[in-house]
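**Student:** Mind having a look at this structure? Questions to follow.
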Amino acid sequence: MSNYVVGLTGGIGSGKTAASDFLASLGIDIVDADVVAREVVEPGSPCLTAIAEHFGERVIDAQGQLNRRALRDIVFNDNRAKEWLNQLLHPAIRARLLAQLQQADSPYVVLVAPLLLENQLQRYCNRVLVIDVPEALQLERTMQRDNSEQQQVEAIMASQLTREQRLQRADDIVHNDADLTHLQQQLTALDKRYRQLAKGS
Ligand code: ATP
């Protein structure tokens, strides 16, 4: 079991996946908050059953999966519905995240979450690692990856912490404004450091 948790965050398209894939290749276990958020509403899960009972079958698709768009449309203009959903999902996600962190058996474990700081997940972390990119590059890479419109990406960026707010909360910063080799070099150095810190914890 690994007790040392590194929280890895950054804005949309900053390179969290590129960074965590590389750390995984060094033998580090990764817990991904987005994956966990999907797992808690898988068919047959208590959360999905509760959601179907509360909102009706319109939020379940033909395959028995959560119809995210239908649910989003319902909660978009309904704060009570949104609050109900958050109170159901947040504790379930937190419990599953913590269980996965505890099951990790690499020298340290990385918790990847786009909204790590927004959702106060740093309280479960020994250190916060921020992947930093200039906004223009963040926009460019995300639009290219998702084939999405500038406005759409800017709206997501506006819903997240600003670059400065994120950097203020970082213990460590990786600059992802050059090629992948540059990113990986910084991570290799940090990996050594985290292994040392984890040994002493
Ligand atoms: P999201 O928050 O949307 O999940 P993310 O932070 O995980 O995004 P990535 O998907 O890792 O970001 O990176 C965004 C895009 O930029 C991807 O297409 C990725 O391949 C590319 N990318 C990441 N780092 C670099 C780099 N150093 N050089 C070139 N392209 C990069």
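**Student:** Can you give the relative contact order of segment 35-105 as a percent, counting alpha carbon pairs under 8 Å and 6+ residues apart? Walk me through the numbers on the way to the answer.
**Tutor:** On the way: 42 pairs, mean separation 22.3, N = 71.
Over segment 35-105, the number comes to 31 percent.
**Student:** Using alpha carbon centroids, what distance separates segment 122-201 and segment 39-96, in Å?
**Tutor:** Distance between centres, Cα-based: 29 Å.
**Student:** With a ≥ b ≥ c taken as the square roots of the eigenvalues of the C-alpha gyration tensor of segment 56-171, please select rounded if a/c is under 1.5 and otherwise prolate if a/b is larger than b/c or oblate if it is not? Each step should come with its number before you reach the end.
**Tutor:** On the way: a/c = 1.84, a/b = 1.15, b/c = 1.59.
The shape class here is oblate.
**Student:** Further question: Return one quarter of the surface area of the convex hull spanned by the alpha-carbon atoms of segment 35-105, equal to its mean projected area, in nm². Don't skip to the end; give the middle numbers.
**Tutor:** Values: hull surface 19.9 nm².
Averaging across all directions leaves 5.0 nm² for the Cα convex hull.
**Student:** Between Ala104, Ala95, Ala136, where does the largest GNM mean-square fluctuation fall for the chain, given springs only between Cα atoms within less than 10 Å?
**Tutor:** Per the Cα network of the chain with a 10 Å cutoff, Ala136 tops the list.
**Student:** What length, rounded to one decimal in nm, is gained on full extension from Thr162 through to Gln103, with 0.36 nm per residue of separation minus their alpha-carbon distance? Don't skip to the end; give the middle numbers.
**Tutor:** Working: separation 59, 0.36 × 59 = 21.24 nm, distance 3.27 nm.
Here the answer is 18.0 nm.
**Student:** Given a 10 angstrom Cα cut-off, can you work out which residue in Ser106, Ser14, Ser25 is the most mobile in a GNM of the chain?
**Tutor:** In this elastic network of the chain, the residue with the biggest mean-square fluctuation among Ser106, Ser14, Ser25 is Ser25.
**Student:** Could you state the angle between the C-alpha long axis of helix 79-103 and the longest principal axis of the C-alpha atoms of the chain, as a value from 0 to 90 degrees rounded to the nearest 10?
**Tutor:** 40
**Student:** What aspartates and glutamates could a cross-link reach from Lys192, if we take a straight Cα to Cα line under 16 Å and drop same-chain neighbours fewer than 8 places away?
**Tutor:** Once the sequence-local aspartates and glutamates are set aside, what remains near Lys192 is Asp29, Asp171, Asp172.
**Student:** Please report, in whole Å, how far the alpha carbons of the chain spread along each principal axis, starting with the longest.
**Tutor:** 51, 41, 29
**Student:** Among Ala178, Asn3, Ala70, which residue has its Cα furthest toward the positive end of the charge dipole of the chain, with +1 on Lys/Arg Cβ and -1 on Asp/Glu Cβ?
**Tutor:** The residue sitting farthest along the positive end of the dipole is Asn3.
**Student:** Using the alpha-carbon atoms, what tilt in degrees (0 to 90, nearest 10) does helix 180-200 show relative to the longest principal axis of the chain?
**Tutor:** The two axes meet at around 90 degrees.
**Student:** Moving on. Taking R0 as 30 Å, what FRET efficiency do you get between Thr188 and Ala95 from their Cβ-Cβ distance, rounded to the nearest 0.05?
**Tutor:** On the way: r = 33 Å, r/R0 = 1.11.
Efficiency at R0 = 30 Å is approximately 0.35.
**Student:** Only bridges whose two residues both fall in the chain count here: according to DSSP, what percent of them are antiparallel, nearest 5?
**Tutor:** Numbers: 1 of 17 bridges.
Counting DSSP beta bridges with both partners in the chain, the antiparallel share is about 5 percent.
**Student:** Sticking with this one: With the cut-off at 15 Å, report for segment 4-69 the share of all Cα pairs above it, as a whole percent. Walk me through the numbers on the way to the answer.
**Tutor:** Details: 1339 of 2145 pairs.
Above the 15 Å cut-off, segment 4-69 has 62 percent of its Cα pairs.
Every number here is computed from the coordinates shown, using simple stated rules; none is lab data. As the structure is a prediction and not an experimental result, all values here were calculated from the model. When we count neighbours, we look across all protein chains shown, and the Cβ atoms used for this are built from the backbone with ideal geometry, even at glycine.
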